[in-house]
Each structure stands twice: as structure tokens, then as C-alpha cells.
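Input: a single structure, listed below in C-alpha cells.
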Amino acid sequence: HGGGEVISEKVTTEKAAESTLHPLTILYGSNMGTCETLASYCANAAVRNGFKPSIMTLDSAVGKLPVDQPVVIITASYEGQPADNAANFVSWVQSLREESLSGVKFVLYGCGNRDWVSTFHRIPKLVDGALGNAGAQRLTQLSLADVSSGSISSKFAEWQDCKLWPCLRESFGLQSTKESIGGNYLGLELIAT
Ligand code: FMN
């Protein structure tokens, strides 16, 4: 009956909208949930920025980093070691030959705590270096956040709005309308003019 038609119309519209979005892979390495939560924030923001996200652990991407879409990586360190769901990925990237990841384009965001002085951000730095050595291309430089001071979710929101989405949108030649990135910029723009 009538209700069914309304639903199928909505599904068709959503499908049409989705087909214009660019695929985006978001990978996280997380024990206590911070990086996983940030990855889900990123997935939520993806659609309004023109991307269709797939979100999974770093370990589930071993041997299959895509070359047809950008890869966003969000990861932590534990006593200088990877999170449990990133350990296989970290060993794998260190074992790669030069140029074996050519065509892979990535953006890396590291979460760490400066209380671990000698291993502060060891894993995000190691992964960034290993991906680079294997020929993957950085779409923007490594970003490292300290979770011991300030709010990590506001730091991450600022990074998304100021670095991640402008860079991903630019790499796809997408128009960078300020409203579509964060939503809070419209007010700033009005004040500025
Ligand atoms: N941060 C670092 O930068 N280097 C470390 O070696 C490090 N070791 C840690 C060890 C333990 C037991 C804990 C609890 C935290 C450590 N951290 C270290 C901080 C975590 O990487 C940071 O809290 C991160 O946000 C955790 O991410 P997650 O919640 O996604 O697991």
C-alpha cells in the first residue's frame, strides 16, 4: 500500500545521492575507544563533504589498502606498541618493499599522551614513515594530538574542518563551500564581511 511507496521513493533518492559520493576508507587502531570514536566522527562528517565512508580496523586492511580511494588512518600507541587491532598492520607495513604501495593516498592522525615521554606517538610516526617508504602518498602531513591536554574531540573537529576535508575535497576537485565542511563557518563569514 501507500506507505511502501513512500519508503521506496526515499530509498531511491538516497541511492541516487550516494552514487555521486566518492568512496573513502577510514581505518583505526584503538584499545580504549578514542581512535575508534574519532573514526566514527570522521565517517559521520564524510557524507556532507562528498564522501561515502567504509570504516574498519587497521588489521582488517592488511594486504588490501585501496588505491582507488583515499585512506584516513587514526591510531594510538601503547608503551610504544600498536593497539591490539593494529598489530598485524604495523608488522605488515614495516615488511613492505619500496613502491609496493604506490597509488595509495593517505592521511594519518595520531593520538598519544606525552606522559609516555620516550614513546610519545611512536606508532603513528612509524606507520607514517613505513607507508611513505613503501611509496604511498601523503595527502597532508602527519597530524599528532596529545590527549593529556584539552579536549581531543574538539582538536579532532578542528583538524577535520581545517585540514582533512579541505585537503580531500581539493584532491577531488570538489567545490569547497564553507557551509558544507563544518556548518559553523557561515557565522564567521558573516562577521568577516
Ligand atoms: N601514548 C603515546 O604516545 N605513547 C605511548 O607509548 C603510550 N602508551 C600508553 C600506554 C598505556 C597503558 C595507556 C593507557 C596509554 C598510552 N598512551 C601512549 C596514550 C594512548 O595512546 C592514548 O590515550 C590514545 O588516545 C589511546 O587511544 P585509544 O583509546 O583509541 O586506544
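The values are calculated or read from the model by the stated rules, or taken from the named source; none is laboratory data. Keep in mind it's a predicted model, so treat the numbers as computed, not measured. No Cβ is skipped: glycine too gets one built from the backbone with ideal geometry, and neighbour counts run over all protein chains shown.
For every residue, the table says whether it meets (1) farther than 18 Å from Leu24 by Cα; (2) surrounded by 15 or more Cβ atoms within 10 Å (Cβ to Cβ); (3) among the basic types (Lys, Arg).
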| position | (1), (2), (3) |
| --- | --- |
| Gly129 | yes, no, no |
| Gln137 | no, no, no |
| Ser143 | yes, yes, no |
| Ser149 | yes, no, no |
| Ser153 | yes, no, no |
| Gln160 | no, yes, no |
| Pro166 | no, yes, no |
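Restricting to the range 30-56, what's the tally of residues that are surrounded by fewer than 21 Cβ atoms within 10 Å (Cβ to Cβ), within 14 Å of the ligand (Cβ to nearest atom) and at negative phi?
Residues flagged as surrounded by fewer than 21 Cβ atoms within 10 Å (Cβ to Cβ), within 14 Å of the ligand (Cβ to nearest atom) and at negative phi within the range 30-56 amount to 8.
What's the number of the only condition in (1) touching a strand residue (DSSP E or B) at 6+ places or on another chain (Cβ under 7 Å); (2) of a type in the set (Asp, Glu); (3) modelled with pLDDT of 95 or more that Glu18 fails to meet?
The one condition Glu18 does not meet is (3).
Yes/no per residue for (1) more than 16 Å from the ligand (Cβ to nearest atom); (2) touching a helix residue (DSSP H, G or I) at 6+ places or on another chain (Cβ under 7 Å):
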site	(1), (2)
Cys111	no, yes
Leu131	yes, yes
Leu139	yes, yes
Leu142	no, yes
Gly150	no, no
Trp165	yes, yes
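Please verify whether Leu65 is surrounded by 15 or more Cβ atoms within 10 Å (Cβ to Cβ), part of a loop (DSSP other than H, G, I, E, B) and either more than 17 Å from the chain's Cα centre (by Cα) or among the acidic types (Asp, Glu) (or both), treating the condition exactly as stated. Give the derivation first.
Details: surrounded by 15 or more Cβ atoms within 10 Å (Cβ to Cβ): yes; part of a loop (DSSP other than H, G, I, E, B): yes; either more than 17 Å from the chain's Cα centre (by Cα) or among the acidic types (Asp, Glu) (or both): no.
Against the criterion (surrounded by 15 or more Cβ atoms within 10 Å (Cβ to Cβ), part of a loop (DSSP other than H, G, I, E, B) and either more than 17 Å from the chain's Cα centre (by Cα) or among the acidic types (Asp, Glu) (or both)), Leu65 does not qualify.
Looking at the range 79-93, can you tell me whether even one residue there is under 13 Å from the mean Cα position of the chain (by Cα) and under 24 Å from Gln160 (Cα atoms)?
No, there is no match, as no residue in the range 79-93 is under 13 Å from the mean Cα position of the chain (by Cα) and under 24 Å from Gln160 (Cα atoms).
All but one of (1) among the acidic types (Asp, Glu); (2) within 28 Å of Glu170 (Cβ to Cβ); (3) out of contact with any helix residue (DSSP H, G or I) (no Cβ under 9 Å at 6 or more places or on another chain) hold for Asp115; which doesn't?
(2)
Within the range 70-94, track down each residue that is away from the ligand (no atom under 12 Å from the Cβ) and either part of a loop (DSSP other than H, G, I, E, B) or at pLDDT below 95 (or both).
Correct list: Pro70 only.
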